[in-house]
Amino acid sequence: MARLIVEVTRGERVESRHRGSIAVVAPSGELIASYGDPDEFAFIRSSAKPFQLAPFVASGRFDAYDFPAPVEALAVMAASHSGEDRHVRTVQAVLRAGGLTRDVLACGMHPPYDTETAQRLIRDGEPLTPLRHNCSGKHAAMALHAKAAGWPVETYWQPDHPIQVLALETVATLGGVDASAIVTATDGCGVVTFGMPLRSLALAYARLADPMGVADAALRTSLARIRDAMMAHPELVAGERRRLDTALMRAAPGRLVSKAGAEGVQALGLLAVSRGRHHGTAGVAIKIEDGDGAHRARDVSACESLRQLGILDAAALEGLSAYAAPPIVDPRGVSVGVVRPAIKLA
């Protein structure tokens with residue numbers, strides 16, 4: 001079961017506690033380390049995005065569009081972006097290359113995650129559009145894939161559409177589970193989300209970090225391309241300000257790929273880790289039991305796990321202090337408490 005994973009103090013007392021579980025898995029499926037219950041069920045939410053994108057790339061239809069900046073296109077298609085202007089321009093460019101407009105996007109609208117951008121839109125009276133939605137890149141990829149395949153474009157988001165069936169099959173393959181065993185529901189952006197054991201999410205990310213063991217050659221190549229694009233443009237995967245995925249990939253360039261999901265999910269693909277008998281790549285999956293709306297438990301747990309796995313050293317953690325040890329301060333900026341990890345990976 002989930003265990004105490006992060007404590008929040010105020011003064012000398014513990015004020016709040018978060019519980020959660022962590023699984024660390026090799027590409028072979030071997031459990032390298034864990035905390036809590038590595039088989040805890042979780043809807044993997046937006047951490048599925050690289051695998052929802054992979055069939056588009058593996059099919060060859062992504063390259064048929066001849067996008068002007070294909071690496072950036074891949075990064076934003078795997079993103080939960082902050083709705084910054086660069087994100088909007090990139091999604092617009094891929095839609096334009098495919099002869100589609102923002103009207104095709106079925107993700108809905110919400111204010112940009114980026115506070116400065118959201119405040120500017122309000123100040124300037126600029127209306128929201130689906131392009132600002134954090135999932136607009138994923139939805140653009142799904143619509144473009146449907147168009148290239150000759151499938152209905154307007155219904156790409158429906159669970160029985162070939163696009164969604166391919167996503168389910170890909171998640172099942174990489175997670176090492178039967179598609180029939182995956183629990184499906186509707187994600188926050190209106191398409192299918194996948195529920196599986198935490199260990200399976202970690203395995204999928206181990207295979208994203210190192211796809212060499214994936215039997216299908218086209219899928220293997222697509223995963224490597226998506227991984228490299230995400231690491232090359234972490235600011236497109238998340239955002240320039242206050243985003244853990246961006247901060248982690250910048251703190252350990254070329255060493256990890258990071259993708260968060262809603263309700264306290266964090267997934268990481270580690271390109272080089274040494275622990276016990278394991279020397280090579282690994283996947284990490286974290287689930288915070290209470291959903292962690294403030295992200296503090298997820299952020300602290302991710303940073304501490306990477307420290308214990310030897311990915312982040314003291315200097316890197318110092319640069320990541322806003323995530324590894326988020327401050328609790330009074331109105332004058334004086335520290336009044338701490339957020340501290342309670343993890344010991346076994």
Which of the following residues is farther than 30 Å from R89 by Cα and touching a Leu at 6+ places or on another chain (Cβ under 7 Å): R207, R227? R207
Step by step: first the residues of segment 299-346, then only those that are assigned to a loop (DSSP other than H, G, I, E, B) and small (G, A, S), then the one that is farthest from G254 (Cα to Cα). Which residue is that? G333
Scanning segment 204-226 for residues that are surrounded by 24 or more Cβ atoms within 10 Å (Cβ to Cβ) and among the β-branched types (V, I, T) gives I226
Select, from R255, R225, R243, R220, the only residue that is in contact with a strand residue (DSSP E or B) (Cβ under 8 Å, 6 or more places away or on another chain) and either touching a residue at least 40 places away in the same chain (Cβ under 8 Å) or of a type outside the set (A, V, I, L, M) (or both). R255
Could you identify the single residue in A75, A48, A54, A93 that is assigned to a helix (DSSP H, G or I) and more than 19 Å from the chain's Cα centre (by Cα)? A93
Identify, by number, the condition in (1) without any contact (Cβ under 8 Å) to a residue 24 or more places away in the chain; (2) more than 21 Å from L306 (Cα to Cα); (3) touching a strand residue (DSSP E or B) at 6+ places or on another chain (Cβ under 6 Å); (4) among the aliphatic types (A, V, I, L, M) that M249 doesn't meet. (2)
S258 over 12 Å from the mean Cα position of the chain (by Cα) and either outside any helix (DSSP H, G or I) or of a type in the set (S, T, N, Q) (or both): no
Go through the residues of segment 135-155 one by one and say whether even a single one is basic (K, R) and free of Cβ contacts under 8 Å to residues at least 12 places away in the same chain. no
So, L121, is that one without any contact (Cβ under 8 Å) to a residue 12 or more places away in the chain, part of a helix (DSSP H, G or I) and at negative phi or not? yes
Matching entry among A148, A209, A179, A141 (being within 17 Å of F51 (Cβ to Cβ) and in contact with a Gly (Cβ under 8 Å, 6 or more places away or on another chain)): A209
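Residue by residue, here is whether (1) free of Cβ contacts under 8 Å to residues at least 12 places away in the same chain; (2) closer than 24 Å to P327 by Cβ; (3) under 21 Å from the mean Cα position of the chain (by Cα); (4) buried (at least 23 other Cβ atoms within 10 Å of the Cβ) holds:
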site: L4; (1), (2), (3), (4): no, yes, no, no
site: E12; (1), (2), (3), (4): yes, yes, no, no
site: E15; (1), (2), (3), (4): no, yes, no, no
site: V24; (1), (2), (3), (4): no, no, yes, yes
site: G29; (1), (2), (3), (4): no, no, yes, no
site: D39; (1), (2), (3), (4): no, no, yes, no
site: F62; (1), (2), (3), (4): no, no, yes, yes
site: Y65; (1), (2), (3), (4): no, no, no, no
site: P68; (1), (2), (3), (4): no, no, no, no
May I ask you to list pairs of residues, at least six apart or on different chains, whose Cβ atoms are under 6 Å apart, with the first in segment 176-199 being more than 16 Å from F41 (Cα to Cα) and the second being in a helix (DSSP H, G or I)? V192/Q164
Here are the criteria: (1) in a strand (DSSP E or B); (2) under 26 Å from V91 (Cβ atoms). Tell me which single one G283 does not satisfy. (2)
Based on what the data block shows, is M249 in a helix (DSSP H, G or I), touching a helix residue (DSSP H, G or I) at 6+ places or on another chain (Cβ under 7 Å) and over 17 Å from V57 (Cα atoms)? yes
I'd like to check something: does segment 72-90 contain any residue that is surrounded by fewer than 24 Cβ atoms within 10 Å (Cβ to Cβ), modelled with pLDDT under 95, farther than 14 Å from I286 by Cβ and out of contact with any Phe, Trp or Tyr (no Cβ under 6 Å at 6 or more places or on another chain)? no
Among the residues of segment 273-293, the number that are modelled with pLDDT of 85 or more and either touching a strand residue (DSSP E or B) at 6+ places or on another chain (Cβ under 6 Å) or farther than 17 Å from P211 by Cβ (or both) is 13
When the residues of segment 124-151 are filtered to those that are over 25 Å from the mean Cα position of the chain (by Cα) and outside any loop (DSSP other than H, G, I, E, B), which remaining residue is surrounded by the fewest Cβ atoms within 10 Å (Cβ to Cβ)? D124
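The values are calculated or read from the model by the stated rules, or taken from the named source; none is laboratory data. Model, not experiment: these values are computed from the prediction. Using ideal geometry, Cβ is built from the backbone for each residue, glycine included, and neighbour counts are taken over all protein chains shown.
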